[in-house]
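Engineer: This is the structure I want to talk about, given as structure tokens.
The values are calculated or read from the model by the stated rules, or taken from the named source; none is laboratory data. The structure presented is a predicted model; accordingly, all values stated were derived computationally and were not measured. Because the Cβ atoms are built from the backbone with ideal geometry, glycine has one as well, and the counts that use them run over all protein chains shown. In case anyone asks, the SASA skips ligands and DNA or RNA and just uses the protein heavy atoms, side chains included. Shrake-Rupley method; radii C 1.70, N 1.55, O 1.52, S 1.80 Å.
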Amino acid sequence: MWERPERGARGPAPERSRGQITRAAVRLADAAGLASVSVRQVAKELGTGPASLYRYVAGRDDLVDLMVDAATGEIDLTVALTGEPVTDLVALATRTREVHLRHPWLLEVTPEAMRVGPRGLDYLEFALGALAPVRMTGPAKLEAVAVLNALVAMVSRATLQSVRSPTARQSAQAAYLATAAGKGAHPLLAQALTDSPEARPAAHPAADPAQDAQDLFERVVRRVLAGLLAPAPESPRSHRD
């Protein structure tokens with residue numbers, strides 16, 4: 001889609017733009033989720049007929065591509081790099097997480113390796129710039145960025161679920177876990193749960209849950225990146241050689 005003209009050459013003078021169509025689709029998704037987005041619904045949002053939009057997009061897949069790229073464009077890439085890859089990527093992950101929390105429908109988009117538009121390319125270029133000091137192959141760097149993005153999506157999904165009121169099923173599951181761990185058959189699990197921040201009283205009565213979640217997110221991302229970017233150990237054969 002990105003190499004096709006903004007609209008088809010035939011037909012009357014343009015009444016819309018891809019930008020207008022994208023903004024309408026994002027409004028729908030922000031309000032009611034990704035399932036609410038279709039060419040017909042976007043046309044209704046814009047006060048026009050579906051046929052008129054097919055001069056700009058081929059179908060729903062194009063709409064989703066436009067939406068994902070527009071959301072990616074909200075990630076601030078003007079931040080100067082420090083030259084410390086882990087620090088720079090943790091900061092990038094934090095800004096990416098903020099966009100996911102602002103647009104939860106992003107987590108409903110089916111992952112596709114090649115779903116990259118112009119702003120997605122800018123994002124990849126920035127991430128690879130952060131990785132420039134690391135001695136890794138290009139494919140390995142792209143894999144590291146993919147793992148980072150998957151981690152951001154996973155933690156963002158968990159964050160969104162945590163702020164929703166628990167269902168009866170979720171409450172029952174939590175009660176079962178606590179009861180089972182306390183019976184003594186799983187001492188390591190019981191210890192891990194006891195050591196978790198949720199099991200300890202807040203260090204300060206005015207503790208901010210959102211800040212706690214952000215601190216946890218940064219710690220997890222930093223640990224994962226430290227492992228991903230660590231030099232690979234030499235194989236026994238290389239020592240013999």
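Engineer: Tell me which of Ala180, Leu46, Leu131 sits at the most positive position along the dipole axis of the chain, charges placed on C-beta atoms (Lys, Arg +1; Asp, Glu -1).
Structural biologist: Leu46
Engineer: Can you tell me the dipole magnitude for the chain around its Cα centre, using point charges on the Cβ only (Lys, Arg +1; Asp, Glu -1), in Debye to the nearest 20?
Structural biologist: The dipole of the chain has a size of about 640 debye.
Engineer: Any idea of the accessible area per residue across the chain, 1.4 Å probe, to the nearest Å²?
Structural biologist: Here the per-residue accessible area is 63 Å².
Engineer: Taking the Cα centre of the range 70-155 as the origin, how large is its charge dipole in debye, to the nearest 20, when only Lys and Arg (+1) and Asp and Glu (-1) carry charge on their Cβ atoms?
Structural biologist: Approximately 80 debye in magnitude.
Engineer: Can I ask one more? With each pseudo-label sitting 7 Å past Cα toward Cβ, what's the Ala172-Arg115 distance in nm, one decimal?
Structural biologist: For Ala172 paired with Arg115, the spin-label model returns 3.3 nm.
Engineer: If you don't mind, another one. Could you work out how much longer the chain between Arg157 and Glu74 gets when fully extended? Use 0.36 nm per residue separation minus the Cα distance between them, nm to one decimal. Don't jump to the answer; show the numbers that get you there.
Structural biologist: On the way: separation 83, 0.36 × 83 = 29.88 nm, distance 1.86 nm.
So the chain would gain 28.0 nm between Arg157 and Glu74.
Engineer: Same structure, new question: How large is the dipole of the range 40-116 about the Cα centre if only Lys and Arg carry +1 and Asp and Glu carry -1, each at its Cβ, rounded to the nearest 20 debye?
Structural biologist: In debye, rounded to 20, the range 40-116 gives about 380.
Engineer: Let me ask something additional. Okay, which of the range 137-160 sit inside 12 Å, backbone N to the point 7 Å along the Cα-Cβ direction of Ala213?
Structural biologist: The answer is 155-160, whose backbone nitrogens lie closer than 12 Å to the label point.
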